[in-house]
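Only one structure is covered here, and it is reproduced in the block below.
The values are calculated or read from the model by the stated rules, or taken from the named source; none is laboratory data. These numbers come from a predicted model, not from an experiment. Because the Cβ atoms are built from the backbone with ideal geometry, glycine has one as well, and the counts that use them run over all protein chains shown. Ligands, DNA and RNA are stripped out before the accessible areas are found, and what is left, the full protein with its side chains, is counted by its heavy atoms. Shrake-Rupley method; radii C 1.70, N 1.55, O 1.52, S 1.80 Å.
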Amino acid sequence: MSRVTATPTGSAVTVRAPAKVNLFLELRGRRADGYHDLETLMVAVDLADSLTVTASDGGELALTCNDPALDSSPANLVCRAAELLRQRTGHGGGSVMRLEKNIPTAAGLGGGSSDAAAALLALNQLWNLGQSRERLAEWAGELGSDVPFFLLGHAAWCTGRGEIVESLAPGGPLHFVLVCPPFGCPTAEVYRRSRVPDRPRDGTAIRRAVASGDAAAVGRELFNRLEAPAAELRPELPGLFDALRRLDPLGVALSGSGSTVFAVARDDSDARRIADRITQPGEPDVSRPRVHIVRSVA
Ligand code: C5P
């Protein structure tokens, strides 16, 4: 399953929280609330965090994480998701939450958003709240624009600020090589530097390519309007694009607001070939990015 799915283990509930890549992202307008109206095609992939929640006495919410660099204060989206769920349902229970982080942060892979979706789903089950995914997704938009996708989509066409989710059925699995630089891209700053085009790019062709499972067409139709502002902010990115393009994948794009650059591969062995060569010492110094071979999950 690509969407977050809950598995009860005794009194604990464990949820897998997948990453996503954006195969298309176009800006349609700047809004009065500071956000952008956009159109994006997102696909969940099999690189995932894992969240385990257990009930606690006394109404306390506590978060721990295998990554000591992660902020596990109440400001973390997982804690904010738990608080939101309690507010909306009036539930007074607490929880001890353990997050195993595998998805790089500030990488354009939706890790924080997926963790928040996982928290809503896991606590809904742990606390027996009986809320539907659709209801959770309505609430989730206020945590972040991408959070509803992780509750509703395997692959989806997302509009509004990203929170309006129309599920798509991919025609087949897609293979990607994710190249995650050792730096992140601050989302708000990338959007701030972006420009809404006079003539926006149309997403019909990429939707058709995903629906038919045509990886070559997906590779040809990849597009991300945030590529230019992200490259302006992180001048290392164009070199990474070039290095990946030289390896002859089906296509290369930035995911979300970056910093991850990904290649579409023909199959598993093509993905391994690209991953092996991008990590070879002969390639331009991109300060040792982390490379992940992933598939879309259905
Ligand atoms: O929704 P989220 O919290 O992920 O957004 C982070 C920031 O990215 C926003 O504060 C906003 O500056 C920018 N953003 C935007 N338009 C969107 C989504 C995000 O301008 N559709």
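Here are the numbers for the structure shown:
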| quantity | calculated |
| --- | --- |
| Qualifying positions in the stretch 174-193 - surrounded by 20 or more Cβ atoms within 10 Å (Cβ to Cβ), part of a loop (DSSP other than H, G, I, E, B) and within 16 Å of the ligand (Cβ to nearest atom) | Cys185 |
| The stretch 86-107, subset among the β-branched types (Val, Ile, Thr) and either farther than 30 Å from Gly258 by Cβ or in a helix (DSSP H, G or I) (or both), residue farthest from the ligand (Cβ to nearest atom) | Val96 |
| Residues being part of a loop (DSSP other than H, G, I, E, B) and surrounded by 15 or more Cβ atoms within 10 Å (Cβ to Cβ) - total across the stretch 201-217 | 4 |
| Of the criteria (1) touching a residue at least 12 places away in the same chain (Cβ under 8 Å); (2) of a type outside the set (Lys, Arg); (3) at positive phi; (4) within 16 Å of the ligand (Cβ to nearest atom), which one Gly34 fails | (1) |
| The listed residue being over 30 Å from Pro289 (Cα atoms), within 14 Å of the ligand (Cβ to nearest atom) and open to solvent by 10 Å² or more (accessible area, probe 1.4 Å), out of Gly171, Gly160, Gly110 | Gly160 |
| Checklist (1) closer than 26 Å to Leu178 by Cα; (2) touching a residue at least 60 places away in the same chain (Cβ under 8 Å); (3) part of a strand (DSSP E or B) applied to Thr54, failing item | (1) |
| Per-region count, the stretch 119-151, residues away from the ligand (no atom under 16 Å from the Cβ), more than 21 Å from Ser11 (Cβ to Cβ), open to solvent by 20 Å² or more (accessible area, probe 1.4 Å) and not in a loop (DSSP other than H, G, I, E, B) | 3 |
| Filter result (open to solvent by 10 Å² or more (accessible area, probe 1.4 Å) and more than 30 Å from Val177 (Cα to Cα)) within the stretch 85-107 | Arg86, Gln87, Arg88, Thr89, Gly90, His91, Gly92, Gly93, Val96 |
| Residue check for Pro289: at pLDDT below 95 and of a type outside the set (A, V, I, L, M) | yes |
